[in-house]
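The values are calculated or read from the model by the stated rules, or taken from the named source; none is laboratory data. Note that the structure is a prediction, hence the values are computed from the model and not measured. We place every Cβ from the backbone using ideal geometry, glycine too, and count neighbours over all the protein chains shown.
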Amino acid sequence: MNTILESRTTLTPGTWSVDATHSQIAFAVDYMGGTFRGTFSPFAATLTVAEDGTASLVGSAPVSGVRVQDENLTAHLQSPDFFDAEQAPEISFRSTAIERSNDEVTVDGDLTIRGTSLPVVLTGTVGEPAEDPYGGTRFSLRLDGTIDRTAFGLDWNNPLPNGEPALANDVTLTAELYLVRN
Amino acid sequence: MRLLGIAGSLRKESWNLKLLLAAAELVPEDVEFEVWDGLKAVPPYDEDDDGLPAPPPVAKLRAAIARADAVLVATPEYNSSFPGQLKNALDWASRPFATNPLRFKPVAVVGASTGAFGAVWAQAELRKVLSAIGARVIEGDVALRHAPERFDEHARLVDEDVREQLEEVVSELVEAAMPRVAVAA
């Protein structure tokens, strides 16, 4: 028996907000031969999908919520060497186009860090909406992208003994979102 | 608005102190300029002593930085870097790191030397350290060379080019401090 799968090209209509407890915005950057990781908490994100499938995703996170495993490093990340929390207290994202092909999704948008907005492309996977035990409907959306931190003015570095920079410029971003219908 | 001036040299006839005093003459009328004179009294940094209450000279330094809206540091050059006593004071000031009074504070660095280079390497290293502490280090600089030729017998800066550079740095520093003053008010 053949099963004909319906091709999915749009997300499910509705206004969807992030379930913060089960969602995460994380970053990773190569540092001294290893990988330095952190997260942003709290953050907010809203996905709006019209009946015709047109979708937009907006999100933001306060720089004061950057989390790494050392309070001194957290303080350094908030300083003018990196995010400059005093003059640019928020990171934000606004999509310009969202395309879906079955469980794969591509989100084009503008990412604003330290007052600089640049286009980014995020790719990932989307799950099917499911009823949760609390009477709501939710689905998962995972997005990955890579940005050059120096393009946003986060250009701190320090040379290793061999002269190479300690911190890479490319930073991978991962958003694991559980979206709940409002 | 209040600026704090810190000279990295201890001797009474310091060229860098004279440079700071010249800068004090160039600030706008409504800006106070305090020259901090406690550098020599700051003890060597010792984590065992780094608690509350802080050693009095350290507490005074931290308070002077905290009440200033911006800081101007004038450094000489010792062995291609800035003096140990200045580094020691900054190490004290930077603790505890996450809440230290230099965090986000606009800071400018200038320097004077008797040689031909105007303490440029010392200034570069000092900017790096201040950035690591979390200060907002502004880009302008003054490298005052051949210091004895730049001041008259009354310790007044007589080099017009250097005065213009210094005025520009002071102006950038005041401008960088404006938003903080507005928030504080």
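For the range B:61-114, give me each residue that is polar (S, T, N, Q) and in contact with a Phe, Trp or Tyr (Cβ under 6 Å, 6 or more places away or on another chain). Give the steps one after another, and end with the answer.
Let us first name the residues in the range B:61-114 that are polar (S, T, N, Q), namely B:75, B:79-81, B:85, B:88, B:94, B:99-100, B:113-114.
B:THR75, B:SER80, B:ASN88, listed by residue number.
Sort out which residues of the range B:133-164 are part of a helix (DSSP H, G or I) and crowded, with 17+ Cβ neighbours inside 10 Å, and write them in order of number.
Within the range B:133-164, B:ILE133, B:ALA147, B:VAL162, B:ARG163 meet the criteria.
List the residue pairs whose Cβ atoms are under 8 Å apart, where the first residue sits in the range B:61-88 and is at pLDDT 95 or above, the second is part of a loop (DSSP other than H, G, I, E, B) and among the β-branched types (Val, Ile, Thr), and the two are 6 or more positions apart or on different chains.
B:LEU61/B:VAL42; B:GLN85/B:VAL42; B:ASN88/B:VAL42
Condition first: touching a residue at least 40 places away in the same chain (Cβ under 8 Å) and under 16 Å from A:GLN78 (Cα atoms). Now tell me which residues in the range B:135-150 satisfy that.
Hits for the range B:135-150 are B:ALA135, B:ARG136.
One line per residue, one yes/no per condition, for (1) in contact with a Leu (Cβ under 6 Å, 6 or more places away or on another chain); (2) more than 23 Å from A:PHE36 (Cα to Cα); (3) of a type in the set (S, T, N, Q):
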| residue | (1), (2), (3) |
| --- | --- |
| A:GLN69 | no, no, yes |
| A:SER79 | no, no, yes |
| A:ASP103 | no, yes, no |
| A:THR112 | no, no, yes |
| A:PRO119 | no, yes, no |
| A:THR125 | no, yes, yes |
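Go through the range B:6-25 and report how many residues are in contact with a helix residue (DSSP H, G or I) (Cβ under 8 Å, 6 or more places away or on another chain) and under 23 Å from B:LEU102 (Cα atoms).
Number of matching residues: 7.
Return the total of residues in the range B:77-105 being outside any helix (DSSP H, G or I), more than 14 Å from chain A (Cβ to nearest Cβ) and crowded, with 24+ Cβ neighbours inside 10 Å. Break it down into steps so the answer makes sense when it comes.
Looking only at the range B:77-105, we keep the residues that are outside any helix (DSSP H, G or I), and these are B:77-83, B:94-96, B:100-105.
Remaining after also requiring more than 14 Å from chain A (Cβ to nearest Cβ): B:77-83.
So of that shortlist, the ones also crowded, with 24+ Cβ neighbours inside 10 Å come out as B:77, B:82.
So the count comes out to 2.
If you check B:SER131, B:SER171, which single one turns out to be closer than 23 Å to B:PHE104 by Cβ, among the polar types (S, T, N, Q) and more than 14 Å from chain A (Cβ to nearest Cβ)?
Working: B:SER131 fails: more than 14 Å from chain A (Cβ to nearest Cβ).
Residue meeting the stated conditions: B:SER171.
Pick from the range B:15-44 the residues that are surrounded by fewer than 18 Cβ atoms within 10 Å (Cβ to Cβ) and in contact with a Pro (Cβ under 8 Å, 6 or more places away or on another chain): which of them is nearest to B:VAL181 (Cα to Cα)?
Only one residue tops the list, namely B:GLY38.
Do we have B:ALA108 as within 21 Å of B:LEU3 (Cα to Cα), crowded, with 24+ Cβ neighbours inside 10 Å, more than 14 Å from chain A (Cβ to nearest Cβ) and touching a helix residue (DSSP H, G or I) at 6+ places or on another chain (Cβ under 6 Å) here? Spell out the reasoning first.
Numbers: within 21 Å of B:LEU3 (Cα to Cα): yes; crowded, with 24+ Cβ neighbours inside 10 Å: yes; more than 14 Å from chain A (Cβ to nearest Cβ): no; touching a helix residue (DSSP H, G or I) at 6+ places or on another chain (Cβ under 6 Å): yes.
For B:ALA108, the condition - within 21 Å of B:LEU3 (Cα to Cα), crowded, with 24+ Cβ neighbours inside 10 Å, more than 14 Å from chain A (Cβ to nearest Cβ) and touching a helix residue (DSSP H, G or I) at 6+ places or on another chain (Cβ under 6 Å) - is not met.
When the residues of the range A:156-182 are narrowed to those that are in contact (Cβ under 8 Å) with a residue 12 or more places away in the chain and within 14 Å of chain B (Cβ to nearest Cβ), which ends up farthest from A:LEU77 (Cα to Cα)? Working first, answer last.
Here is the first cut: in the range A:156-182, the ones in contact (Cβ under 8 Å) with a residue 12 or more places away in the chain are A:156, A:160, A:166-182.
The next check asks that each one be within 14 Å of chain B (Cβ to nearest Cβ); those that pass are A:156, A:166-167.
Details: A:TRP156: 10, A:ALA166: 15, A:LEU167: 13 Å.
It comes out as A:ALA166.
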